[in-house]
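As structure tokens, the structure follows; a few thoughts come after it.
The values are calculated or read from the model by the stated rules, or taken from the named source; none is laboratory data. All of these numbers come straight from a predicted model, not from anything done at the bench. Please note: Cβ atoms are built from the backbone with ideal geometry, for glycine as well, and neighbour counts cover all protein chains shown. Note: areas computed on protein heavy atoms with side chains; ligands, DNA, RNA excluded. Shrake-Rupley method; radii C 1.70, N 1.55, O 1.52, S 1.80 Å.
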Amino acid sequence: MSSLLQVKNLQVAYGGIHAVKGIDLDIQQGELVALIGANGAGKTTTLKTLVGMIKPAGGEILYQGQPTAKLPSYAYVSQGLAMVPEGRGIFSRLTVEENLQMGAYTRNDKAGIPQDLERIYHLFPRLKERQKQLAGTLSGGEQQMVAMGRAMMSRPKLLLLDEPSMGLAPIIVQKIFEIIRMIAAEGVTMLLVEQNAKLALQTANRGYVMESGKITLADTAANLLANERIQHAYLGD
Ligand code: ATP
């Protein structure tokens, strides 16, 4: 295995507020890694920085061994770095299919797009049934599927998921996690930020715990699930 993403001493500040205080991350090709932590720990800020939405105040991000500092923001998606944002960010007035097609806008191999649409509809049969429906009229779970499907249309190498279970009923959350496992089985590397730490760690290979802008623990998902402090603080046990 080789590192797809290496983050070294990353620091991010909003004005005087230090949201990320020097964190290290290392994500290997093919891994599913969970990033857990309380509200305000800096998880979303970290993801946004990894996809170039926020400029770091310090440290280094290496993607496929190359520093991302000089990568223009439009180039991230074409390089295979895609994020499914918290709150999903779908285009409500476009249909399901139009939303999915938007995910492919940076691709040069336009001929491969219909084939990938079929692949997405295979992963999300619910979206196939609703391909002509306006995305704004979908349920929360279906909108999450659109957001994930749209990111998959860019053929990501590294998919960053921010709170995919947010606001969804437990049965739908299970469905979303089933899809996350299917995406992982296709070989897509993922970094998953999740409030539902138990489910995230049950699904991931490894996990990082983020507290007040710092990584306080990094271990296999199995060890984190067995860790009493983690159980007490994050797993509701
Ligand atoms: P949550 O689970 O609640 O989304 P989080 O771990 O993702 O939490 P962040 O959203 O990254 O945390 O926030 C980290 C810190 O940075 C918080 O103290 C937050 O108030 C602050 N912050 C986030 N966005 C901004 C912003 N645009 N301007 C100023 N401060 C911000």
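FRET efficiency for the A169 to Q28 pair, using the beta carbon distance and R₀ = 41 Å, is estimated at 0.80. Working note: 222 nm ellipticity from helices only, DSSP H runs with n ≥ 4, each -39,500 (n - 2.57), summed and divided by the residues of the chain, gives -9500 deg cm²/dmol to the nearest 500.
Count the net charge of all other residues whose Cβ sits under 14 Å from the Cβ of S73, scoring Lys and Arg as +1 and Asp and Glu as -1. With Lys, Arg at +1 and Asp, Glu at -1, the net is +3. Each Lys and Arg adds +1 at its Cβ and each Asp and Glu adds -1 at its Cβ; summed about the Cα centre, the chain shows a dipole of about 500 debye. Stretching N39 away from S73 to a fully extended chain increases their span by 9.6 nm, per 0.36 nm per residue minus the current alpha-carbon distance. What does the C-alpha gyration tensor say about the overall shape of the range 146-209? Classify as rounded when a/c is under 1.5, otherwise prolate if a/b is larger than b/c, or oblate. The shape class here is oblate. Rolling a 1.4 angstrom probe over the protein heavy atoms with all chains in place gives the chain an accessible area of 46 Å² per residue.
Computed over the alpha carbons of the chain, Rg followed by Dmax gives 17.3, 52 Å. To put it simply, the accessible area of the chain at a 1.4 Å probe is 52 percent carbon and sulfur. Each peptide in 148-158, 30-40 receives the mean, over its residues, of other Cβ atoms within 10 Å, and ordering these scores from highest gives 148-158, 30-40. Relative contact order for the range 3-234: 28 percent, from Cα pairs under 8 Å spaced at least 6 residues apart, divided by residue count.
Placing a label point 7 Å from the Cα of S2 along the Cα-to-Cβ direction, the residues of the range 47-67 whose backbone N falls under 17 Å from that point are 62-67.
Where the centre of each part is set by its Cα atoms, how far does the range 80-109 sit from the range 167-237, in angstrom? So the two Cα centres are separated by 24 Å.
Here the range 55-131 is assigned +1 on the Cβ of each Lys and Arg and -1 on the Cβ of each Asp and Glu. Its dipole about the Cα centre then comes out at about 120 debye.
Can you give me the distance in nm between label points at H18 and R229, each placed 7 Å from the Cα along the Cα-to-Cβ direction? Going by the 7 Å Cα→Cβ label model, 2.0 nm.
Diffusion coefficient of the range 47-157 by Stokes-Einstein, Kirkwood radius over Cα pairs, 25 °C, 0.890 mPa s: 166 µm²/s.
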